[in-house]
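Engineer: Just passing along the structure, written as C-alpha cells.
Every number in this text was worked out from the coordinates using simple rules, so none of it is lab data. Just so you know, these numbers come straight off a predicted model, no measurement behind them. All Cβ positions, even for glycine, are placed from backbone atoms using ideal geometry, and neighbour counts span all protein chains on display.
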Amino acid sequence: MSQFNDSQPIFVQISERIADMILSKTAGEGEALPSVRQIAAELSVNPLTVTRAYQSLVDIGAVESRRGMGMYVAQGGRDRLLAHEREKFLSDEWPRVLARIAALGLDPNSLLKQGGEDE
C-alpha cells in the first residue's frame with residue numbers, strides 16, 4: 001500500500017483500499033482480511049485508524065468481525081459494498097461530473113461514445 005493524500009482522512013483511504021480488495025475479488029466472501037496490526041505496521045499508522053476503517057465496512061455489511069479470529073469478508077458483502085459504492089457515486093460524484101461536463105460545454109452522449117473508442 002502506498003502513501004496517503006491530504007484530500008481525505010487516512011481511515012477513509014484505508015477503507016477504500018480494503019473495499020477495492022473486495023470489489024476486485026482479491027479477497028473473496030468468507031476470506032480473512034489482513035489484521036488491524038498488520039495493516040497498521042505496514043502503513044505506519046495507529047491501529048485505531050485501521051479499526052475505524054474496518055468499522056466503516058462493518059457498518060455497511062461488507063466485512064464482519066469474528067471474535068478472536070479477525071476480520072472477514074461477509075457473505076454477500078461484495079454485493080452490499082457494490083450497491084453502497086454505486087449509490088455513493090450517483091449521489092456524491094456524478095452530480096459534480098455532470099456539472100463539470102455542462103460547464104465545459106461537452107455533450108454527455110458523445111463522451112460516452114468516445115469512451116468505447118481507442119485513441
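Engineer: If you consider only alpha-carbon coordinates, what radius of gyration and Dmax does the chain have, in Å?
Structural biologist: 17.5, 56
Engineer: What full-extension length gain, to one decimal in nm, is calculated for Arg67 and Val12 as 0.36 nm per residue of separation minus the Cα-Cα distance?
Structural biologist: Residue separation times 0.36 nm, minus the Cα-Cα distance, leaves 17.4 nm.
Engineer: Out of Pro108, Pro95, Pro47, any idea which swings most in a Gaussian network model of the chain, alpha carbons joined below 10 Å?
Structural biologist: Pro108
Engineer: Over the chain, what is the relative contact order in percent, taking alpha-carbon pairs closer than 8 angstrom and at least six residues apart?
Structural biologist: 23 percent
Engineer: What 222 nm value per residue comes from the helices of the chain, counting each DSSP H run with n ≥ 4 as -39,500 (n - 2.57) and dividing by all residues, nearest 500 deg cm²/dmol?
Structural biologist: Helix-only estimate at 222 nm: -16500 deg cm²/dmol.
Engineer: Once the dipole of segment 68-119 is set up with Lys and Arg at +1 and Asp and Glu at -1 on Cβ about the Cα centre, which of Phe89, Ile101, Gly77 lies farthest towards its positive end?
Structural biologist: Most positive-ward Cα: Gly77.
Engineer: Using +1 on the beta carbon of Lys and Arg, -1 on that of Asp and Glu, and nothing else charged, what's the dipole of the chain about the Cα centre, debye to 20?
Structural biologist: In debye, rounded to 20, the chain gives about 480.
Engineer: Specify the longest stretch of the chain that does not include any exposed loop site, a site being one of the trypsin sites (Lys or Arg not before Pro) with a non-H, G, I, E, B DSSP assignment and at most 16 other Cβ atoms within 10 Å.
Structural biologist: 68-119
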